[in-house]
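Since the structure comes first, as structure tokens, the remarks are kept for the end.
The values are calculated or read from the model by the stated rules, or taken from the named source; none is laboratory data. Keep in mind the model is a prediction, meaning the values are calculated, not measured. In this analysis, Cβ positions are derived from the backbone assuming ideal geometry, glycine residues included, and neighbour counts consider all displayed protein chains. Areas reflect the complete protein model, heavy atoms only, side chains present, ligands, DNA and RNA absent. Shrake-Rupley method; radii C 1.70, N 1.55, O 1.52, S 1.80 Å.
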Amino acid sequence: MTTKAIALKTLTATAVLCALTATAQAATIGGTDVTYGGYVKLDAMWSDYSDGVPAGGSIGRDFYIPSTTPVGTDVDSDPVFDMHARQSRFFLGTATKLDDGKEIKTKIEVDFIASAPGGDERVSNSYAPRIRQAFITYDGWLFGQAWSNFQNVGALPETLDFIGPAEGTVFVRQAQARYTTGNWSFSLENPESTITTQGGARATIDDSTLPDFTARYNMSADWGEFVVAALARQLTYKQNGLDADETSFGISASGKVNFGENNLKFMLTQGKGLGRYIGVNVAHGAVLNGDELDAIDSTSGFIAYQQNWNSQWRSTFVYSFFSADNNTDLLAITGDPTKSSQSYSANILYSPVKKLTFGAELKHAEREVESGNDGDMERLQFSVKYAF
């Protein structure tokens, strides 16, 4: 039997064992350990909007996106019901010992939540998989697509909603080269500028001459975790004969404080021209004012408390906010941009066995634009999730 056939037989046997026991998640092929995992999740949501309902194909119907909350239409509407399994995901990882004694690892992860439809909800409900992460790690280095070094994923609370405190958190995955040494990590990341042009339209510009730069310090102790991260980048608009650029910077502090079996998570971020890094791009990075860019200042954050009632029941309570300091002298260009957004949520989660969770979550969200027009959303969400 060939080495390839033996490896395939070993991997197949491991997969069968995993299916039977739901515990084994790895195989060894030659000198490489192969791991996999992910989860399957069903979400069902009733959403009630105060000022009209986003179109059925809107991503804000799949999970909470602050910028999609309608405002100022005074259109009365009935609640809408949506159900999908698009958040389900899968990852494959490898770890290989090298001749120099060091280890090289890889990870590839996909899901379906924000991909092109590829079908419709009449018959097939087909959705193309999209890349979430794909990276290599070796000797302190990371190369590939991963969570931005500016984001602290560990501070995200456990919510049924895909993101949870959407307007209050840094939330970016992108290509990067990162180096970690001790408590410090530094990265060069893919640049992209979102610019407000005439009438409030968003131009997504990919012509920066420099990568985005981040620096981060992590501190962990028995009491919890504290992270400080800084971002510096160049906003650009090099279209239609113009050549404009502006420096953007930001700082974010986040962490977790343990209270026995319970915990408090938080994040506070402030900066100039943060744009797409905050609130799922609830505000753009800058406004094109003639042949110059005017960066938009913003402040955002969240606080979340998780209470473990017993070994099977737990709850998370979240408050999240975003505030933009728009230049009101430029409203003739920007139209009526988002001024602020905030949301509150509370959930109850039940895990009868490890890795299987049933949950219910209630969310209230509000958005206000510079004219003073506002709108809100009430959402009741139910989920079933099994992690493997």
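Laid out as a table, the results:
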{"read-out": "Filter result for ASP222 (of a type in the set (Asp, Glu) and more than 22 Å from ASP329 (Cβ to Cβ))", "value": "yes"}
{"read-out": "Filter result (closer than 19 Å to SER343 by Cα and open to solvent by 40 Å² or more (accessible area, probe 1.4 Å)) within segment 311-324", "value": "PHE317, TYR319, PHE321, SER323"}
{"read-out": "Some residue of segment 19-26 being at pLDDT 90 or above and open to solvent by 20 Å² or more (accessible area, probe 1.4 Å)", "value": "no"}
{"read-out": "Residue in segment 354-373 that is of a type in the set (Lys, Arg), open to solvent by 30 Å² or more (accessible area, probe 1.4 Å) and not in a strand (DSSP E or B) present", "value": "yes"}
{"read-out": "Search result, residues across segment 256-299 that are of a type in the set (Phe, Trp, Tyr), open to solvent by 50 Å² or more (accessible area, probe 1.4 Å) and out of contact with any helix residue (DSSP H, G or I) (no Cβ under 9 Å at 6 or more places or on another chain)", "value": "PHE259"}
{"read-out": "Pairs with Cβ under 8 Å, 6+ apart, first in segment 105-126 and within 26 Å of TRP147 (Cβ to Cβ) and among the small types (Gly, Ala, Ser), second open to solvent by 70 Å² or more (accessible area, probe 1.4 Å) and at pLDDT 85 or above", "value": "SER115/PRO129"}
{"read-out": "So LEU92, is it aliphatic (A, V, I, L, M) and at pLDDT below 95", "value": "no"}
{"read-out": "Residue satisfying all of: in segment 28-56; surrounded by 17 or more Cβ atoms within 10 Å (Cβ to Cβ) and among the small types (Gly, Ala, Ser); farthest from VAL80 (Cα to Cα) among these", "value": "SER50"}
{"read-out": "Residue that is surrounded by the fewest Cβ atoms within 10 Å (Cβ to Cβ), among those in segment 182-217 that are within 18 Å of the chain's Cα centre (by Cα) and in a loop (DSSP other than H, G, I, E, B)", "value": "ASN190"}
{"read-out": "Condition check for SER323: under 21 Å from SER193 (Cα atoms) and of a type outside the set (Asp, Glu)", "value": "yes"}
